[in-house]
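K.L.:
Just passing along the structure, written as structure tokens.
The values are calculated or read from the model by the stated rules, or taken from the named source; none is laboratory data. Owing to the predicted nature of the structure, the values given are computational and were not obtained by experimental measurement. Neighbour counts run over all protein chains shown; Cβ positions are idealised from the backbone, glycine included.
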Amino acid sequence: MNIQTLINDWIAAGNAFDTERYLSFYLEDAVLDDPSVGKVFKGRREIKKYFDSYFIGYNTRTELVNLDIINNSQAHIEVKFSGNFSEVSIGGLFHLTFKEGKIAFVKADLIH
């Protein structure tokens, strides 16, 4: 698994609002924890709700700012979000854990 390629393709799928492709990057039982929305999303079905609400719903575009590959199963990325929300543009962090070539866990944080 090439983490750089996976991250680039994951972001591209999100920016294209390609829900099926976006979800294919996650394990079926992946967990996405986003304290900025006050919720933990468990499994692809709940992650789809997160994607529909906060990405498609706000026309959110994600730009990769920095990628820090910790090891072959962890990476931290800094991104810039733009979309139809009050801040217009805001920074974000994703702490990702990979398993079996897919995303197993994501901790998402907004940077104000």
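K.L.:
Hey, can you tell me all the residues within segment 68-77 that are assigned to a strand (DSSP E or B) and surrounded by fewer than 16 Cβ atoms within 10 Å (Cβ to Cβ)?
P.N.:
Start the filter on segment 68-77 by keeping residues that are assigned to a strand (DSSP E or B), which leaves 68-71, 74-77.
ASP68, ILE69, ILE70, ASN71, GLN74, HIS76 - these are the residues of segment 68-77 that are assigned to a strand (DSSP E or B) and surrounded by fewer than 16 Cβ atoms within 10 Å (Cβ to Cβ).
K.L.:
If you check every pair at least six apart or on different chains, which have Cβ atoms under 7 Å apart with a residue in segment 57-85 that is of a type in the set (Asp, Glu) first and a residue that is in a strand (DSSP E or B) second?
P.N.:
If the second residue must be in a strand (DSSP E or B), the pairs left are GLU63/VAL79; GLU63/LYS80; ASP68/ALA75; ASP68/HIS76; GLU78/VAL65; GLU78/ASN66; GLU78/GLY91; GLU78/LEU93.
Conditions (1) in contact with a Lys or Arg (Cβ under 9 Å, 6 or more places away or on another chain); (2) at pLDDT 95 or above; (3) in a helix (DSSP H, G or I); (4) within 17 Å of ILE111 (Cα to Cα), marked per residue:
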residue: THR5; (1), (2), (3), (4): no, yes, yes, no
residue: ASP9; (1), (2), (3), (4): yes, yes, yes, no
residue: GLY14; (1), (2), (3), (4): yes, yes, yes, no
residue: ARG45; (1), (2), (3), (4): no, yes, yes, no
residue: GLU63; (1), (2), (3), (4): yes, yes, no, yes
residue: ASN66; (1), (2), (3), (4): no, yes, no, yes
residue: PHE85; (1), (2), (3), (4): no, no, no, yes
residue: PHE94; (1), (2), (3), (4): yes, yes, no, yes
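K.L.:
Same structure, new question: Just for segment 1-26: of the residues that are buried (at least 18 other Cβ atoms within 10 Å of the Cβ) and in contact with a strand residue (DSSP E or B) (Cβ under 7 Å, 6 or more places away or on another chain), which one is farthest from PHE98 (Cα to Cα)?
P.N.:
The extreme case among them is GLY14.
K.L.:
Within segment 34-67, can you find the residues that are acidic (Asp, Glu) and either more than 18 Å from LEU96 (Cβ to Cβ) or exposed (fewer than 15 other Cβ atoms within 10 Å of the Cβ) (or both)?
P.N.:
Across segment 34-67, the qualifying residues are ASP52, GLU63.
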